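All remarks here apply to the structure that follows.
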Amino acid sequence: MTVRGSAVKRVSKDAVEASADAVEHTVEIGLSAAIVSVAEEKPQVLVVQHGGARDGLPFGPFDPVRHRTLESGLRIWVKEQTYLAFDYAEQLYTFGDRGRHLRTAREGPRVVSVGYLALTRAIGELQAPDTIWGEWYRYFPWEDWRAQKPEVIETMIVPALKAFVRSTKDSKLAEERRTRVHISFGLDGLRWDEERVLERYELLYEAGLVEEAIYDGRIDRQPDKLLGVSMMFDHRRILATAIARLRGKMKYRPVVFELMPPTFTLFDLQRTVEAISGIQLHKQNFRRLVEGQGLVEGTGTFARMTRGRPAELFRFRREVLGERQAPGVRLGARRTGT
């Protein structure tokens, strides 16, 4: 059978276009980890400074040949990049928004990242190069209510979000934005919900108030002031998801004890819970709550204190896991005004 030259050219062109389309529509699976620890009443996340660029979470591609599971692949990447191992890990969410790795058409595969929350007590000096412990509230300064309502909310965020609501002529969209602003930031008498970390970040992103909105091309101008320290790609969004998950989960599962040493004082436990939740709790109510739920038991030994009476050391009662379905640290004993 004879094939004319024009047909050969047409087939070759079609093959090239098909090959280009295949590359353009290839999906690469990435693995990202928000590794959390608490030190000196400061919640921290392990940050890798990739080549001097913006802060980023440990991440790497999933290799279906080398990695038996997604989580095993994550642990391998974290170990290689940070020299750190961890015990507790759970999958958060799959992040696949177009542009999350600054890809443009025909530039390369689209990256879909599987995010994980990991907890560790390893708060000592890091050995891996270009790794640091980054304090949560550098990235989300509006989330820390332990001392008082963050000033940035009234001075910057609320005025900017009200302008964001007014910026649309669509009355339905304006009302939708207004409702989101009020619920997310607890305005007009609504209660601040510490678990709405992701909703608040995404609202600020849509309003162009965080630097990631510029890098992603959502806005074409530099605002007068940007909120918090930015992170590479969509890693701040992944971190916001991790914080929200941890704040919510510790109310019905005893995950906070993954961040505590084997023995601890109730004061140290309270400060750790406050650091994670971003709110201050009533001391006596918190202690009654924790002891009444059977989460801890006294060891009969006492910690030496620089001032005052020695404080009793407690341990986590692992038996509570089999005693009831939701053995978490309730936050109903919060300080009035938060």
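Below, the figures for the structure above:
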read-out: Two-site FRET efficiency, residue 309 against residue 288, from Cβ-Cβ distance with R₀ of 22 Å, rounded to 0.05; value: 0.70
read-out: Calculated over segment 182-271: convex hull of Cα atoms, volume per residue (Å³); value: 138
read-out: Of 141, 174, 205, farthest towards positive along the dipole that unit charges on Lys, Arg, Asp, Glu beta carbons give segment 141-227; value: 174
read-out: Amide H contacts under 5 Å for residue 35, placed H, 5+ residues apart; value: 46, 118
read-out: Check: segment 254-322 dipole with +1 on Lys, Arg Cβ and -1 on Asp, Glu Cβ, in debye; value: 260
read-out: Residue-by-residue Karplus 3J(HN,Hα) for segment 140-150, coefficients 6.51, -1.76, 1.60, Hz, glycine and proline x; value: 9, x, 7, 8, 9, 9, 5, 8, 5, 5, x
read-out: Dipole in debye (nearest 20) - segment 182-261, about Cα centre, beta carbon charges: Lys, Arg +1; Asp, Glu -1; value: 380
read-out: Descending Cα extents along the principal axes, segment 233-293, whole Å; value: 42, 24, 18
read-out: Kirkwood hydrodynamic radius (C-alpha pairs) into Stokes-Einstein, segment 254-322, 4 °C and 1.567 mPa s, D in µm²/s; value: 102
read-out: Order by protection proxy (mean Cβ within 10 Å, highest first), peptides 200-213, 63-76; value: 200-213, 63-76
read-out: Histogram of C-alpha separations across segment 141-227, 10 Å bin width, %; value: 16, 51, 29, 4
read-out: Among 293-302, 237-246, 170-179, the order from most to least packed when residues are scored by Cβ within 10 Å on average; value: 237-246, 293-302, 170-179
read-out: Residue 127/residue 214 FRET efficiency (R0 41 Å; Cβ-Cβ; nearest 0.05); value: 0.75
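Bear in mind these aren't lab numbers, they're just calculated from the coordinates by the rules spelled out. The structure presented is a predicted model; accordingly, all values stated were derived computationally and were not measured. For neighbour counting, all protein chains shown are included, and Cβ atoms are generated from backbone atoms with ideal geometry for every residue, glycine included.
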